[in-house]
Structure formats: C-alpha cells, structure tokens
Amino acid sequence: MSRTTFFEKCCRPGTGTIQVAVLDANTREQICFLDKVDPYSTIGNIKCLFQKSYPHWYPARQALKLDPKGKILRDEEILLHLPVGTTATMFFIDLGPQLGWTMVFLAEYIGPLLTYLLFYFRVPYIYSHRYASTSSPHPVVTRACACHTFHYVKRMIETIFVHRFTHGTMPLRIIVRNCAYYWGFSAWLAYYINHPLYTPPSYGEIQFNYGLIMFVMCELGNFSIHVTLNNLRGDGIRGRRYPIPTKNPFTWLFLFVSCPNYTYEVGAWVSFSIMTQCLPVAFYTLLGFIQMSIWAKGKHRAYSREFKDYPSLRMAIIPLIL
Amino acid sequence: MSAAAAGTSKAAHGDVAPKKRRGPGALAYLVIYNVVMTAGWLVIAVGLVRAYLARGSYHGLYYSIEKPLKFFQTGAMLEILHCAVGIVPSSVVLTGFQVMSRVFLTWAVTHSVREVQSEDSVLLFVTAWTVTEIIRYSFYTFSLLNHLPFLIKWARYTFFFVLYPMGVTGELLTIYAALPYVQKTGLYSVTLPNKYNFSFDYHSFLILVMISYIPLFPQLYFHMIRQRKKVLGHIEDYSKVE
C-alpha cells in the first residue's frame, strides 16, 4: 500500500466513532453528551441528535461553535474535517424562536393588506361616528385601495411561488420589528387616504392616471426582475453568474443598475404618492428608498467584488446616480 | 434624559479613543472645539450665578442666559458631523439622537412656548445641562491632550447620579407645563383637510415624547452606571490591594 494510505489506516486516530460533548456557551456546563457519532456526520446531524435530548430546541434554533467566542458552525460542515480529536467539544447557544422565511414574509404582508381594507371600509371607531361604514365619494380612493391591495397580493404570491430563500429562518424579535414597521405605516397612510376629509389630487384625473400608468409599469418591472433573479438561482450555486438583461424590456434596467427590483419598488411607491397626493405616503416612500438604497449598495459591492468582469456602467439603485 | 445622556455615546465608544484615525489637524480642531464649548458653558454657569446674585431669587434666570444657551447647545450639533466624518469614534445615530433631543427641548419647547420660560423646571434642566457639559467638554479636552486628571474622570462618572435625574425631571416638567399652551394655540399642528392629506398634533406628539422617557431613561442611566464600573472600577481594586 502507498505511504499515504498506510498513514490513513494506521495513524489517524478514531476513524472509528467520535464522541461529542456539548457545553452551554454561557455557563460552560456540559448539557449533552453524544456517544459513538459517525465522523462523517454533519453539524446538521449533530443538531438533530441534540434535539433528541432537548425536544424544544429544534435545529434551526441551535448555534454550535468550537470556541465560545468563535464563528457559528454551518450545518453542512462535516465533523471529520473540523479540528477535533476523538472527543469533540462544542458550545451551544440558543438563538431563540425562529420562523421560516416564507411565513415571515406572509406575516409581514398580510398586515398592510388587511389594515388598509379596515380603513377603506371605515370600520367603526376609526373615524368619527357618523362616517362609520360609509364609503368615500372620490373614485380616486377606491382605485388607490385597489392598487395598494394589488401590491401586497402580488408580494404574497411572489413569496409563495417565486422566491427561493437561502437561510432557513429569522429570529422572532426581528419579525416583530418588521411587522410593526409594515403594519404601522400602512395603517398610518390608510388613515389619511380613506379619511372623510381626504382631498383628491390637485391636478385631478390626469395626475391620477399618470400615476397609475407608472405604478403598473413598476409593478410589472418588479415582477419581471424577481422572475429573472429566480431563474438565475435555478442554475445552482456553483454556476454563479450575475443577472443580465433578457428579452423582457423591463429587465433592460439591468444595464444601468444592479438591483432594478428595488428601483421598480421605489418607483411604484413614488407613483402611489403621486396618485394619492398624500404626504405620509411620500414619507413612507422616502424611508423605503433609504433602506433599499442601503441594501442595493451592499449587493452592488458584493457583485463587484465577486465578478471581475462586472459592468462598470451599473450603479446600485438609480441609473447613473446612486 | 439628555442631561447626562450626552456623555453616554462617548462613554460607550471612545473613552480610550483610538487616535490613529485622525491626523494632527483634526486633533487640533477637536481640542479647540472642546475648549470653546467648555468656555461657553462656563459663561452660562457664570451668567446664572451672577443673575441669581443680582436678583436674589431663582425665578426667571432663563432670560439672562437665553442667548448663550441657544448658541452653544445648537453648536453641539457639530458633534454629529464629527462622528459622521470619523474624527470621533462614536455612533452617528446615538450622538444624533442625544444632541437633537437637547436641541428639541431648547428650541421646540422652551423657545417656542413663551409661557414656560419663567418656570422653575427650566432652571432645573439648564443647571443640570450646564454642570454636565462643563465636565464633559473638559473631559474630552484633557483626554485629547493625554493629560486627564483623575478628578475630571471621577466627576464625569459620578455627578451623573444626581445630574441625570435632575435634568430629566426638569425636562419632563417643562414639557408638561407647555402642554396646555400648545393645545390652546395649536402650535406646530396641521389639521385636515389640506392639499397634502397630512395632519400633525404637536400636543399629542409632546405627550408621546414624555412617555418615551420611560423606557429610555433607565436604559441610559444603567448604561452610565455600567460604564462607571468599567472605568473607575479598577481604581478601587488597587486601593483595596494597598
């Protein structure tokens, strides 16, 4: 046999089984001991074994580390390839309750959808008593409601059928924070648009119609980009490419920006602001724009770093400007 | 809340401020800035004392230091710029929040609602701010020059025990005193209907501000206490050894 095989067979200790001791990262006490673990097990397998002793700590909630202050081990890592001996010592942290990404987004979007409708139908106790359950005399208000509802229904359909999520879960407090943001803001702007004292746009039907056209274009654009990005991911992680324009004219925005989905999203909200001529909507648009710009810039930087041939004309979110 | 909180962000990030990030020019500028601010708040302190001695009562001392107070408290907004540019290693958001809350009280409450200016609660928070800022700015000055007297460090991390609640009390009482006047005159408020479909009730907003002190004040207060243990803690250990 060759020298390497000789060493592998005789000198590597414990290609038998490995023992895993799990210690609490804060108290350093041993909370679990796993005997006779297959060295080719992954961290994911370890987490499942761990859950047998502690059923309420499902794998998504577990964080395992080799060093209490070190990095969290990924689920795909194999025990044999880690710097452990025959007894592996790992430190456990409870990440708290987690929710799958699909559920997260649905929870975030169902709020705005329903709260807006509550205001549209002027459910009692929101506005003054004599306006309870009445409807607005302005056609603009009904059409705005249709647009807003369509926007969130589209988002929910995309969440279920289009998007594919990488990380499995999200911590509960982040979800609560995001829901408060979405639900709170939609209630705030729905309050004004459906208010009995609402004032329709200054330039009337023309203003609304231009806004509506822009809104529809941006929604179609946003959807096209999501589908394009989804198809990109379908090629597997190894064949990584950055998104490029396709035959769909809406994707031609990729010539100018890295994240046209955010560009279209901002565009949709700008057009909604124009349609309703409502300052709270404009303010919400501004906040969304700031957040999405931060995300877009991050993505743009990641693309530029990963792909050496990344087109230099592209900006992050606004063509030629940002 | 603003009283001692203005020191919090620096305490959290920069007491052992790494000076590697700034050049000698920035250092000189910061020293001048902090010296000027120390001097400014000293002027306010002296003004308060002189006015008290002249009048013989605590009442209405605000008017004697109104202008320097506005000038130097508003000038503190430069500190947000310092963080943004990077010559001070603190969080822009935290510093911004602290400075703007002070500026809010100075302009949007005390200046805007004339009737509260003669209240004693104004004197309460102005005194708290004055003492805090004199100590804080001299602390920074000496830190930048690497010659921090222990007395200043001790003062900064001890006086807040009294000054902080004192300032918060003064601020809350002032806002509370302003409420009826704001409601009566509809100050800074916008009602429906209007072209932009927006409304804002300043009275309700002030009440919300007062409520926000409840979660925020304890957090900042206990943060300062923890900082004190970290910064002054080892001194007590040495004295125990001896």
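The values are calculated or read from the model by the stated rules, or taken from the named source; none is laboratory data. Predicted, not measured: the structure shown is a model, and the values here were computed from it. Virtual Cβ from ideal backbone geometry, glycine too; neighbours counted across all protein chains shown.
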Taking the options B:Phe150, B:Phe104, name whichever one is out of contact with any Ser or Thr (no Cβ under 6 Å at 6 or more places or on another chain) and modelled with pLDDT of 95 or more. B:Phe104
Return yes or no: is B:Leu179 more than 14 Å from every other protein chain (Cβ to nearest Cβ) and assigned to a loop (DSSP other than H, G, I, E, B)? no
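Applying the selection to segment B:71-94, what residues are of a type in the set (Val, Ile, Thr) and in contact (Cβ under 8 Å) with a residue 24 or more places away in the chain?
Taking segment B:71-94 and keeping what is of a type in the set (Val, Ile, Thr), we get B:74, B:80, B:85, B:87-88, B:92-93.
Correct list: B:Thr74, B:Ile87, B:Val88.
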If only one of A:His151, A:His129 is away from chain B (no Cβ under 14 Å) and within 16 Å of A:Tyr284 (Cβ to Cβ), which one is it? A:His151
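In segment A:83-95, which residues are exposed (fewer than 11 other Cβ atoms within 10 Å of the Cβ) and either under 19 Å from A:Lys36 (Cβ atoms) or within 33 Å of the chain's Cα centre (by Cα) (or both)? Talk me through it step by step, then tell me what you get.
From segment A:83-95, those exposed (fewer than 11 other Cβ atoms within 10 Å of the Cβ) are A:83, A:85; that's our starting set.
Result: A:Gly85, single match.
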Tell me yes or no: at least one residue of segment A:269-288 is more than 14 Å from chain B (Cβ to nearest Cβ), closer than 30 Å to B:Phe200 by Cα, touching a residue at least 24 places away in the same chain (Cβ under 8 Å) and in contact with a Gly (Cβ under 9 Å, 6 or more places away or on another chain). yes
How many residues of segment B:120-158 are touching a residue at least 40 places away in the same chain (Cβ under 8 Å) and assigned to a loop (DSSP other than H, G, I, E, B)? The answer is 3
Out of curiosity, is A:Tyr264 in contact with a Cys (Cβ under 6 Å, 6 or more places away or on another chain) and under 28 Å from A:Ser202 (Cβ atoms)? yes
For B:Ile211, work out the one condition from (1) surrounded by 12 or more Cβ atoms within 10 Å (Cβ to Cβ); (2) at pLDDT 90 or above it doesn't fulfil. (1)
From the set of residues in segment B:110-119 that are in contact (Cβ under 8 Å) with a residue 60 or more places away in the chain and buried (at least 20 other Cβ atoms within 10 Å of the Cβ), which is nearest to B:Ser57 (Cα to Cα)? B:Val116
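Going by the structure shown, is A:Ser293 in a helix (DSSP H, G or I) and within 14 Å of another protein chain (Cβ to nearest Cβ)?
no
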Is it true that A:Tyr264 is hydroxyl-bearing (Ser, Thr, Tyr), crowded, with 20+ Cβ neighbours inside 10 Å and away from chain B (no Cβ under 14 Å)? yes
What is the residue count in segment B:70-114 for residues that are out of contact with any Phe, Trp or Tyr (no Cβ under 8 Å at 6 or more places or on another chain), in a helix (DSSP H, G or I) and β-branched (Val, Ile, Thr)? 9
Inspect all residues belonging to segment A:61-82 and state whether any of them is surrounded by 14 or more Cβ atoms within 10 Å (Cβ to Cβ) and closer than 30 Å to A:Val270 by Cβ. no
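Which one of B:Leu179, B:Leu163, B:Leu172, B:Leu206 is closer than 26 Å to B:Leu123 by Cα and in contact with a Ser or Thr (Cβ under 7 Å, 6 or more places away or on another chain)? First the steps, then the outcome.
Values: B:Leu179 fails: in contact with a Ser or Thr (Cβ under 7 Å, 6 or more places away or on another chain); B:Leu172 fails: in contact with a Ser or Thr (Cβ under 7 Å, 6 or more places away or on another chain); B:Leu206 fails: in contact with a Ser or Thr (Cβ under 7 Å, 6 or more places away or on another chain).
None of the other options fit; the residue is B:Leu163.
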